[in-house]
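Structure record follows, encoded as structure tokens.
None of the figures in this text is laboratory data; all of them are computed from the coordinates on show. Predicted model only: the values in this text are computed from it and were never measured. Note that we place each Cβ from the backbone using ideal geometry, even for glycine, and neighbour counts take in every protein chain shown.
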Amino acid sequence: MVGGGTEAFPDLGEHCQNPDCKLLDFLPFTCDGCKLVFCLEHRSYKSHDCPKSDHGSRTVSICETCSVAIETTGFDEEGIKSLLEKHERSKDCDPKKKKKPICPVKRCKEILSFANNMTCKDCGVKFCLKHRFPTDHVCNKKTITMTSAGTKWNEKFMEALSLRNEKGCGKRTSVSSSSPSVRSF
């Protein structure tokens, strides 16, 4: 029995092609590097010592001036060095970019990374996840509407907030609402 399977089902499964294993696996894995078939235990490049483990890998070098990642796949040491020098001479290399961006909300010190930021659909500014909604930051666009009621609730809120700020912190103003009052029982 060279290929795989059992006597009853000869086309079912394949034997692991690791010389020390030869396990009949009914859900075999084909390595995308060497194109051989392996069991669950030997499917990783490292576990079967794949000679083509880096066939789809990419290499990246980081510019020390501006912290930008530059793809260097397929370059040798000299090529990488010349690529980084070319980048530093270009207009793209800016030391100001090295400073990590933070959330623009006042007193928020959250550093924005690729995973913890959202761009506001209304004003187009990037905020941390805590301040991602227009009500959580001072959104420049004031025409946010509730689709069901059709009222400009954010505009009313911002207007009331600005009136409150104009009159000072010590005075309290009441904002009338068109919604019915809620009673607690």
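Once the Cα-Cα distance is subtracted from the 0.36 nm per residue extended length, the K121 to K81 segment shows a gain of 10.3 nm. Compute the Rg/Rh shape ratio of segment 11-53: radius of gyration over Kirkwood radius, all on alpha-carbon atoms. Ratio value, two decimals: 0.94.
Working from label points 7 Å from Cα in the Cα-to-Cβ sense, the N165 to K99 distance is 2.3 nm.
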